[in-house]
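Beneath this line is the structure, given in structure tokens, with notes to follow.
The values are calculated or read from the model by the stated rules, or taken from the named source; none is laboratory data. Model, not experiment: these values are computed from the prediction. All Cβ positions, even for glycine, are placed from backbone atoms using ideal geometry, and neighbour counts span all protein chains on display.
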Amino acid sequence: MQSHSRWRGAGPLRLPTINQQLTIYIPTGWWKGRYSTYLEALEDSTIRVAHPMFGSALIPLMPGDEVMVEYVYNGERVGFAAQVLQRVTEETPALILTRPGPGDIRRQQLRNFVRLDISLPIEYAPGGRKAGEEEPELLPGRTVNISGGGALIVTGESYPPGTRLDLVLHLPDRVIPVEAEVVRHVPVAVVPGSGDPVQTRLGVRFTQIEERDREQIIRFIFAEHRRRRRKGLE
């Protein structure tokens, strides 16, 4: 099975538990992307997961296909490479996958999440308020790009690295609250006399986000990449 450079070695990590939410990542092909599922059973050499869906359709994974199985363990995103062994066509469709061996589970590097260049509306405010302090007014901004682990955003305020921000991301079909930390800031040049407002680009990483919300961001990113490929835009 091919190695995947976006995974790095780790200490002993445990398999997911029965009914735990998982993500199946398909690394290549037309259906490249992440799809939600959950663990149904663990056997000596195999695992059984609910067949991932796209809308009402089964993702067309076949025996021999290679995937990554991702999940959260002790607050970290981890995963392992697996091969599809069998499709189960019962009342509840499922996939039988190879079970990872000792040491095969790896921590995932968030900086290697697939990134999408897109302008989406956001709202932001400095975080880290003390008890009793009023919530600050949310200010408008936009994304330059976004991934499952962070974003590059355009704001009207400049914040130094290390600043905590409360963000509200506006995807086309949902609103996602996120706590983030500024990791870099780049002032945007303004033509003198143009009257354009001074803006700053902030690179932020997500420090607090519900895993289901992260999955929604990732699903949106891959769906948008597929849409652009179909239109010949990528």
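Can you name the residue in the range 92-111 that is of a type in the set (S, T, N, Q) and at pLDDT below 80 and is also surrounded by the most Cβ atoms within 10 Å (Cβ to Cβ) among such residues?
So the first thing to find is which residues in the range 92-111 are of a type in the set (S, T, N, Q), and the list is 92, 98, 108-109.
Subset that is at pLDDT below 80: 108-109.
Values: Gln108: 22, Gln109: 13.
For the range 92-111, the residue satisfying everything is Gln108.
Taking the range 10-58 as the region of interest, how many residues are of a type outside the set (S, T, N, Q) and either free of Cβ contacts under 8 Å to residues at least 12 places away in the same chain or not in a strand (DSSP E or B) (or both)?
Of the residues in that region, 19 qualify.
Let me spell it out: the conditions are (1) in the same structural domain as Glu91 (by TED's automatic domain parsing); (2) modelled with pLDDT under 85; (3) part of a loop (DSSP other than H, G, I, E, B); (4) not β-branched (Val, Ile, Thr), and Met1 meets all of them except one. Which number is the exception?
(1)
What are the pairs, 6+ residues apart or on separate chains, where a residue within the range 146-167 that is in a loop (DSSP other than H, G, I, E, B) has its Cβ under 8 Å from a residue that is polar (S, T, N, Q)?
These pairs meet every condition: Gly156/Gln199; Gly156/Thr200; Glu157/Thr200; Ser158/Thr200; Tyr159/Thr200.
Go through Leu61, Leu97, Leu85 for me and flag whichever is within 26 Å of Arg227 (Cβ to Cβ) and touching a strand residue (DSSP E or B) at 6+ places or on another chain (Cβ under 8 Å). Walk me through it before giving the result.
Working: Leu97 fails: within 26 Å of Arg227 (Cβ to Cβ); Leu85 fails: within 26 Å of Arg227 (Cβ to Cβ).
Testing whether each residue is within 26 Å of Arg227 (Cβ to Cβ) and touching a strand residue (DSSP E or B) at 6+ places or on another chain (Cβ under 8 Å) leaves just Leu61.
Here is a yes/no grid of residues against (1) under 22 Å from the mean Cα position of the chain (by Cα); (2) among the polar types (S, T, N, Q):
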| site | (1), (2) |
| --- | --- |
| Gly33 | yes, no |
| Ser45 | no, yes |
| Arg48 | no, no |
| Pro52 | yes, no |
| Glu90 | no, no |
| Ala94 | no, no |
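Restricting to the range 59-91, and then to whatever is of a type in the set (Val, Ile, Thr) and not in a strand (DSSP E or B), can you tell me which residue is surrounded by the most Cβ atoms within 10 Å (Cβ to Cβ)?
My answer is Ile59.
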